[in-house]
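Below is one structure; the comments refer to it alone.
The values are calculated or read from the model by the stated rules, or taken from the named source; none is laboratory data. Please read all numbers here as calculations on a predicted model, not as lab measurements. Note that each Cβ is placed from the backbone with ideal geometry, even for glycine, and that neighbours are counted across all protein chains shown.
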Amino acid sequence: MWEKVTSVSKMLLSLICFFLCTLIAPNLTGNLGEDASLPVPQNVSILSTNMKHFLTWSPVIIQGETVRYSVEFQGEYEREYANESWIPICECSLITASVCNITEDISATVAYNLRVRADTGARRSEWGTLKGFFNRITTSLTPPLMKVIADGCHLLVELEDMGPAFQFCVLYWKKGQEIRMQQKVVKEVSSVVHLDTMEAGHDYCVKAQTYVEAINRSSSFSQEQCVRAQGGTSKWLVAALVSAGFAVAAVTLPLLTWKTSKIFQYSCCPVAVLPDTLKVSEPPMQLILWDSEETEQCDLMVHVMPSEEVLRLWIQETL
């Protein structure tokens, strides 16, 4: 329904253009009896890529005269509801180029017919008509231009802005792990798109395809582009750093252990310091010798008494 309303609006605009062209035509045409004296434009065809449509034809060559061309189209609405009328394309009325941009007029996904006529002001040709119908669903879709960027550990992609009708399907993966491929749908292209956070020192790959919702078609995928995540260190450098760490640990750990034990020793068991009055200034060798001689003399004075003598002395003391 919306496509029909759009076609009606285009038809009204084209009718206005048609009337304007009609007012100009008497000044550019001469004898109407010679309308068909110009050759009919040949090789009328459509070039359509990425929803941009161009009608082209072979130029009509007339020596000494400037040949101009006018283009008209007929959509589904005009064929079925407007008595098979034709709508002039204002931008392509009395032009000198042998190509016409019909993108704005092909606004619906229906079959269109197109035709072109040559005009020199005094003579006109018959209409050269496109062979068959054109439907924008047959447009050729190409993959988008893209640039993959590794910004530190961030995987970014910059996509070509192909117009509001285009969306993009982006596939990305860690190289060697294609089975874990991830997908992101980009509906609006305004700046670079963040895809993923990368692991340092690894390669990541990206490819993309265009998608047009209006015709429900996609292009093929672009050639994959791969980048390496920044900030990675080589294996030999990692090994060197690990070895250096072990060497430092082997030297510092025993020293640290010894130092720690000393700290605990002096903290928990401090050394007692004797006062000066208890300190002996000279070695007590003489005292030791004196004690030894007296002990020997004491040992010599000790003798064993018989039990009868002990009993006799006890009785005497008792009486």
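Structure above, values below:
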| quantity | calculated |
| --- | --- |
| Neighbours by Cβ (under 7 Å, 6+ apart or cross-chain): first from segment 132-147, in a loop (DSSP other than H, G, I, E, B); second at pLDDT below 95 and of a type in the set (D, E, K, R) | Pro144/Glu160; Leu145/Glu160 |
| Total residues in segment 61-93, condition touching a residue at least 40 places away in the same chain (Cβ under 8 Å), surrounded by 15 or more Cβ atoms within 10 Å (Cβ to Cβ), among the hydrophobic types (A, V, I, L, M, F, W, C) and assigned to a loop (DSSP other than H, G, I, E, B) | 3 |
| Where Ala97 falls short, out of the listed (1) of a type outside the set (Val, Ile, Thr); (2) more than 48 Å from the chain's Cα centre (by Cα); (3) in a loop (DSSP other than H, G, I, E, B) | (2) |
| Pair list, Cβ under 6 Å, 6 or more apart: segment 46-58 residue more than 12 Å from Thr129 (Cα to Cα), other residue buried (at least 21 other Cβ atoms within 10 Å of the Cβ) and among the hydrophobic types (A, V, I, L, M, F, W, C) | His53/Ile102; His53/Ile106 |
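This table checks each residue for (1) of a type outside the set (Lys, Arg); (2) under 21 Å from the mean Cα position of the chain (by Cα); (3) not assigned by TED's automatic domain parsing to the domain that holds Val40.
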position: Arg117; (1), (2), (3): no, no, no
position: Thr120; (1), (2), (3): yes, no, no
position: Gly128; (1), (2), (3): yes, no, no
position: Phe133; (1), (2), (3): yes, no, no
position: Gly152; (1), (2), (3): yes, yes, yes
position: Leu156; (1), (2), (3): yes, yes, yes
position: Glu178; (1), (2), (3): yes, yes, yes
position: Val186; (1), (2), (3): yes, yes, yes
position: Ser191; (1), (2), (3): yes, yes, yes
